[in-house]
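As structure tokens, the structure follows; a few thoughts come after it.
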Amino acid sequence: MDHIDAMDQLKTGIRLRSYGQHDPVVEYRLEGFDMFDEMIENIREDTIKMMLIMPKRVYEIQKRQEAIEAARKAAERQAAAAHEVMLNNGEEKQQPNAVEAALKREQVAKPTKTSGDGTDTQNKTVRKGKKIGRNDPCPCGSGKKYKKCCGRDE
């Protein structure tokens, strides 16, 4: 996109070269070719930079994922230990562990196709008769086509 903008700027400014007794067509061709070579060189340079930077980013992402996984496992262990303490104290209330609670939350969050009162949210249109075609005679009896009479607003 930058190259296209630069070529547009070159096109508007090339007419000034004719004041210096230079052929504007030749000058535009030479300048455009130089700009194109520069664009290709910048693309190659950016590609090399990305190839050198990407392994570092991948390593950082892997480290971050490992830290998240370790924190999740620690939380599961802590929840299991708390559950065991509650069971050993004689209080046998049903306390789900962290995994079961997450599954329950996930199941509750799933969208349903009914509204809160249990009715369908989709309105279903029921037609009593056959649909009137646009080129059929109008049912009002005017003798015109439906599209020219009552179906004009549809």
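The values are calculated or read from the model by the stated rules, or taken from the named source; none is laboratory data. Since this is a predicted model, take the numbers as computed values, not measurements. When the accessible area is computed, the model is the full protein with side chains, heavy atoms only, and any ligands, DNA or RNA have been set aside. Shrake-Rupley method; radii C 1.70, N 1.55, O 1.52, S 1.80 Å.
The accessible surface of segment 1-66, taken with every protein chain in place and a 1.4 Å probe, is 59 percent carbon and sulfur. Each residue of segment 144-153 was assigned a 3J(HN,Hα) from its phi angle through the Karplus curve 6.51 cos²θ - 1.76 cosθ + 1.60 (θ = phi - 60°); the sequence is 8, 5, 4, 5, 8, 10, 6, x, 4, 7 Hz, with glycine and proline shown as x.
The string of couplings for segment 34-47 from the Karplus curve (6.51, -1.76, 1.60, θ = phi - 60°) is 5, 5, 5, 4, 5, 5, 4, 5, 5, 5, 4, 5, 5, 5 Hz, one whole number per residue in order, with x for Gly and Pro.
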